[in-house]
1. Looking at the stretch 669-688, can you tell me whether even one residue there is touching a Phe, Trp or Tyr at 6+ places or on another chain (Cβ under 6 Å), within 24 Å of residue 565 (Cβ to Cβ) and modelled with pLDDT of 95 or more?
2. Would you pick out the residues in the stretch 303-315 that are under 21 Å from the mean Cα position of the chain (by Cα) and crowded, with 24+ Cβ neighbours inside 10 Å?
3. If you go through the stretch 215-257, how many residues are small (Gly, Ala, Ser) and under 25 Å from residue 48 (Cβ atoms)?
4. Taking the criterion of being assigned to a helix (DSSP H, G or I), touching a Pro at 6+ places or on another chain (Cβ under 9 Å), more than 19 Å from residue 144 (Cα to Cα) and in the same structural domain as residue 96 (by TED's automatic domain parsing), would at least one residue in the stretch 40-63 satisfy it?
5. Quick check on the stretch 724-746: of everything there that is under 20 Å from residue 548 (Cβ atoms) and hydroxyl-bearing (Ser, Thr, Tyr), which residue is surrounded by the fewest Cβ atoms within 10 Å (Cβ to Cβ)?
6. What do you reckon, is residue 700 more than 28 Å from the chain's Cα centre (by Cα), farther than 30 Å from residue 608 by Cα and part of a helix (DSSP H, G or I)?
7. Would you mind stating whether residue 383 is surrounded by 12 or more Cβ atoms within 10 Å (Cβ to Cβ) and at pLDDT below 85?
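The values are calculated or read from the model by the stated rules, or taken from the named source; none is laboratory data. On a predicted model such as this, the values are computed, not experimentally measured, just so you know. Positions of Cβ are generated from backbone atoms using ideal geometry, with glycine treated the same way; all protein chains shown enter the neighbour counts.
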Amino acid sequence: MTAPRRPHRAVVLVARLRRHRLLGRVVRQIDRLWWAWVILRSRVVDTSYVSAQLGRRVGVVGAIVRYVARGYAQGLRLNPLFVDTAVGDHLPDAHRVPALYAYLIADPRRLTISPVWDASAYLERHPARATERGGALGAAWRRRDGESLPLEGPGGTRVPWSHLHTRMLDATSRARRDESDARSWIRADRPGGVEYILVLDADEWDFDESIALAAELAREPDSGVTIVQRGGRIEDWAQTVLLAEATDNIRAIRTSGSASASEPVDLADGCHAEVVVWRGPNIDATADTLRGLAARASRGAVVGPLWLDGDGTIAAAGAASEGRLLAGHPREDADELPGAPDTAPPAIAGSTFAAPRDLAAFSRVDSVDHAAWASLDARDRGVPVSVRTDASVRTRSVAPPPDLPAGLDGATDLVSAAGWTAVGDGPLPRLRRRRQTVTLKDGTVVPSLRWALRTAAPVGPRGEWWGDVHFARALADALRELGQNVVVDAYPARNRRTRHLDDVTVALRGPEPIDPSPYGLSVLWVISHPDEIDLRALSGFGLIYAASTPWAARATVDSGRLISPLLQCTDPSRFRPSGRTRSSDIVFVGTARGIHRPSIVEPVRAGVPVRVYGPDWRGWIPASSIAGTGVPNADLPGLYESASVVLNDHWPSMQQHGFIANRPYDVVAAGGRVISDEVSGISEVFQGAVATYRTTDELLALLRGDLDDAFPPPEHLAAISRTIRERDSFLARARTLLQDVTATLG
């Protein structure tokens, strides 16, 4: 696959025609004909599977026509080995075009196409098959009778395709008729170990992740997995059955709707495990979280995780008759509970928990409102009830809590022990943090304030791709080093109902607006996307900063408000030299942003061996240049230090207004070298550790030349790195913020 070139005028013209009121219909019809032809020639359509989904016999052409017309958007699938929703986020334009078509024209390597088998690992075992028609999908499908499918249980058992296909078609037909169905283990249930019960609702928000979770848990020795699917899409049930039939310790149960109140007891009694872990519907939980709960329950406890709401705030850290503990608080407040991370509330809250199988805790599960409460008789029998605050799960929405018995008192004592004092009036919860002071290392005495750092990042795994998240966490750690109490809010929690508990709110302003808080002191720090800033929106902020000296000066004049420069920074506790040997690798870490980024695309096109780490580069550069979909945050310092050079560029508005990105600070602090587009002030800040270019030709000349000649000698680079770590640390920025905030608050 060759690197894509800039969009040709004809491509731009077709895109415009596609949106035309009259001609658009013709162009879209041509699109569908082309999609159909690509799928037809791949020869991966399973007409029996399509017929079972539709309830009537169809041929290959009929199945493809139905799929490309509107079926792909309605859940129709053409092959049981390919799950459209599993691949859509990793291919360009896969939400506008059928995901199967997008896959067939892409490089198939390192692509996930199903939750029940690993297509990437399949191609690693058979690298020559990557170039076959249809990639991993086509290769596995053509060999299904001789090699079965690339599915196997923990013991390496392979199941004949004829058996899998028959059972899957029968299950699909049953689901289409909305009949209940149950698929038992191939091998008899074994006593002991752990049984994981995963409940999926009809509107399960991430079915693929749940099935992948079941497959991961099933690989553990002495464990079993029960998947309970309450109605839902028939194509999803087919995947569940496929996994259960191919794996010797997974059973699958489908019900026609919501479960009865006795379901948890029936399922627990139906297995012989010593510990049962119950994961409720629409819950985002990792395998490590569930394993941790199982380990604690194996010692005779009823244990639940920290239950988070869809916006990342606490739904409950346990419960008492007073209500759900710390509901609406930021995640960090649970760490202050006595005994954390293993704290002991009066009851468990949430639809995920673990317990010894013979306990009556399961009789307290309410399968209607998705709330579970630890049984009183477990406590009466001396069985400990606890919540692991270092193990969290997240739900899409939180149901109203049921009425709890008066005998579950104790929430007030827990909240008080966590540092909160009850007050007589004001918004709920009527709490305030007890006032304290702290003496800094230089002898200065300052108040210990409650800080809320707000970002524009989403909640959960998607937010981990955002630099704003790691920026906020590093700033929070620096403020804590100065004796402050700090929480971090994702964008959906920017208006959480416990804002009145915060003394200081810092809006880390990126691409999305963040309003000042109506409580305490509001601080605005513009760190990116200055083109999105409306100067009228500065009203309500007591202190304003910007990560650009020239923009701060201009905005001060234009707005009539004092805007102080406060540049980007780094965390020297993480980004510091460790003595790694510099390699010859040219590295870039970041997303494609859905745009043509010439600083990466042009060198790759010119034959420069750039190693790109990012989740969405397919369609912009060849797969051979994509070293990974990302880099764990803990591995970044070593990667930066050992690279020959790290590429960097800026959003056009940031470059125009003098906003230097965070990445050069991290790379240079780690002892690395950077090539970046020119930004006002970057040469003065980094004193040669960042080489700059203005044009693509200048960039290519730098990369093709001797890179050692483009940068200062090693001893000079070490001195620059030390300066960045000392002058531009998060701790230095936190000191500035604390000094200005305490002066403003008096």
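1. yes
2. If the condition is that a residue be under 21 Å from the mean Cα position of the chain (by Cα) and crowded, with 24+ Cβ neighbours inside 10 Å, then 305, 306, 307, 308, 313, 314, 315 are the ones that fit.
3. Of the stretch 215-257, the ones small (Gly, Ala, Ser) are 215, 218, 223-224, 231-232, 238, 244, 246, 252, 256-257.
The next check asks that each one be under 25 Å from residue 48 (Cβ atoms); those that pass are 215, 231-232, 238, 244, 246, 252, 256.
Final tally of qualifying residues: 8.
4. Pass one, the stretch 40-63, residues assigned to a helix (DSSP H, G or I): 40-42, 47-54, 60-63.
If we keep only those that are touching a Pro at 6+ places or on another chain (Cβ under 9 Å) too, we end up with 49.
Applying the additional criterion that residues be more than 19 Å from residue 144 (Cα to Cα) yields none.
Within the stretch 40-63, none of the residues are assigned to a helix (DSSP H, G or I), touching a Pro at 6+ places or on another chain (Cβ under 9 Å), more than 19 Å from residue 144 (Cα to Cα) and in the same structural domain as residue 96 (by TED's automatic domain parsing).
5. Pass one, the stretch 724-746, residues under 20 Å from residue 548 (Cβ atoms): 724, 727-730, 732-734, 736-737, 740.
Imposing the further condition that a residue be hydroxyl-bearing (Ser, Thr, Tyr) reduces the set to 729, 736.
Working: 729: 21, 736: 12.
Selected residue: 736.
6. Numbers: more than 28 Å from the chain's Cα centre (by Cα): yes; farther than 30 Å from residue 608 by Cα: no; part of a helix (DSSP H, G or I): yes.
No.
7. Yes; evaluated as a whole, the condition is true for this residue.
Each row is one residue, and each column tells you yes or no for (1) touching a strand residue (DSSP E or B) at 6+ places or on another chain (Cβ under 8 Å); (2) among the β-branched types (Val, Ile, Thr).
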site	(1), (2)
559	no, no
569	yes, no
575	no, no
587	yes, yes
602	no, no
649	yes, no
660	no, yes
